[in-house]
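Inspection log for the structure reproduced underneath, given as structure tokens.
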Amino acid sequence: MLMQSTYTYTSILHDAIKVDWQVADLIGGDKQLDFTKSFLPEALVGSDAIECLNAREKLLLNQIRGKSYLHLFVLVEEFIIPMVWAQLQRKGYRDADALHALLCFTEEEGKHIRLFQNFAAAFDRGFNTPCAGVEPREEIAKQVLTYHPLSVLLLTLQFEWTTQSHYLESVRDNHAENLDRCFSNLLKYHWLEEAQHTKLDALLLYELVPTMPDREIEIAIEDYLKLVTILNEILMAQVQLDLVSLQAAISRPLTTANLQEIQSHQSQAYRWAFLCTGLTHPNFVKILNDISPTLKTRVTALAQSLS
Ligand SMILES: [Fe+2]
Ligand SMILES: [Fe+2]
């Protein structure tokens, strides 16, 4: 029996309206990236254990990972907006609070795309060598949207909880690392709005699942597991691009052994940061279990295989 969400569209809308920031509050003017500092916490980057890089090179890797973070989140936001829009059309427009809350959701994700792109432009102005992200972004988003709507909703929820973990567990109380203030604020202000998105995703999900026959739920579950696999492939492709960016940035060739060492650490770090943190988040696991205990078991096993 699927459990009910403890939130309502009205309560979420009430919280969403209280969060009020603009992209220009976080980047631009006197707010510029400080390239003497790390952009992401070590918990997400995983560069400490790489023996073939010196401290300066690890800082450059950290900043490259920052640029890739921006790119990957734009990629994700680009399929979230049409997914929410489709859910809004499914629901209809009679519930004014639901309509307003879901429109806020899409408007905020649009703002987040601008946020990440403005940070990426600031990065490109200050970093000496090019850093590529996985492409073609729009085609990837279109491909994701060909899977069952419930599977895309689950992938979205997984990412919303990932965002929560990134800020709360690695940045908010992180006094040991002297992180760039602009980048820390990006993670903080993204988290503030994603907190509402996790609740909206859950509400949509608890509405959608009871309307679906068991067979359709099974199809959606298989689709979701395929999407996690696709996400893993995207991340591993980004690791390869980061290696190219790193070699250009440090201006020295890396040996095959060096490249293998960095790739190994970075593959693990990417999987931890973008897959395992969401897949193992207790609130996400609870919803998986509510949909199907079998789904929970399969995702738990998948997360273990990726960590
Ligand atoms: Fe977002
Ligand atoms: Fe979101």
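Restricting region 226-247 to residues that are in contact (Cβ under 8 Å) with a residue 24 or more places away in the chain and surrounded by fewer than 16 Cβ atoms within 10 Å (Cβ to Cβ), which is farthest from the chain's Cα centre (by Cα)? Going through the qualifying residues, I end up with Val244.
Out of the residues in region 41-80 that are under 15 Å from the mean Cα position of the chain (by Cα), of a type in the set (Val, Ile, Thr) and surrounded by 22 or more Cβ atoms within 10 Å (Cβ to Cβ), which is farthest from Val144 (Cα to Cα)? If we take residues in region 41-80 being under 15 Å from the mean Cα position of the chain (by Cα), of a type in the set (Val, Ile, Thr) and surrounded by 22 or more Cβ atoms within 10 Å (Cβ to Cβ), then Val45 is farthest from Val144 (Cα to Cα). Taking region 249-273 as the range and being exposed (fewer than 15 other Cβ atoms within 10 Å of the Cβ) and either part of a helix (DSSP H, G or I) or not basic (Lys, Arg) (or both) as the test, the residues that pass are Ser251, Pro253, Thr255, Thr256, Ala257, Gln260, Ser264.
Restricting attention to region 19-31, and to residues there that are within 23 Å of the chain's Cα centre (by Cα) and of a type outside the set (Gly, Ala, Ser), which single residue is surrounded by the most Cβ atoms within 10 Å (Cβ to Cβ)? Result: Ile27. Residues being at pLDDT 95 or above and more than 16 Å from ligand 2 (Cβ to nearest atom) are entirely absent from region 103-116. Inspect all residues belonging to region 1-14 and state whether any of them is assigned to a helix (DSSP H, G or I) and more than 26 Å from Leu155 (Cα to Cα). Looking through region 1-14, none of the residues is assigned to a helix (DSSP H, G or I) and more than 26 Å from Leu155 (Cα to Cα). Residues considered: Thr156, Thr163. Of these, the only one that is touching a His at 6+ places or on another chain (Cβ under 7 Å) and either among the hydroxyl-bearing types (Ser, Thr, Tyr) or farther than 27 Å from Asp30 by Cβ (or both) is Thr163.
Residue check: is Glu139 within 16 Å of ligand 1 (Cβ to nearest atom), in a helix (DSSP H, G or I) and either without any contact (Cβ under 8 Å) to a residue 12 or more places away in the chain or more than 23 Å from Ile250 (Cα to Cα) (or both)? Here the answer is no, as Glu139 does not meet what is asked.
When the residues of region 143-155 are filtered to those that are under 10 Å from Leu227 (Cβ atoms) and part of a helix (DSSP H, G or I), the one that is farthest from the chain's Cα centre (by Cα) is Gln143. For Arg181, the test of being away from ligand 1 (no atom under 15 Å from the Cβ), basic (Lys, Arg) and free of Cβ contacts under 8 Å to residues at least 24 places away in the same chain is failed.
Okay, residues lined up against (1) within 14 Å of ligand 1 (Cβ to nearest atom); (2) acidic (Asp, Glu); (3) more than 21 Å from Gln238 (Cα to Cα):
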| position | (1), (2), (3) |
| --- | --- |
| Ile81 | yes, no, yes |
| Gln89 | no, no, yes |
| Asp95 | no, yes, yes |
| Glu109 | yes, yes, yes |
| Gln117 | yes, no, no |
| Cys131 | no, no, no |
| Thr146 | no, no, yes |
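The values are calculated or read from the model by the stated rules, or taken from the named source; none is laboratory data. Predicted, not measured: the structure shown is a model, and the values here were computed from it. With ideal geometry, Cβ positions are generated from the backbone for all residues, glycine too; neighbour counts draw on all protein chains shown.
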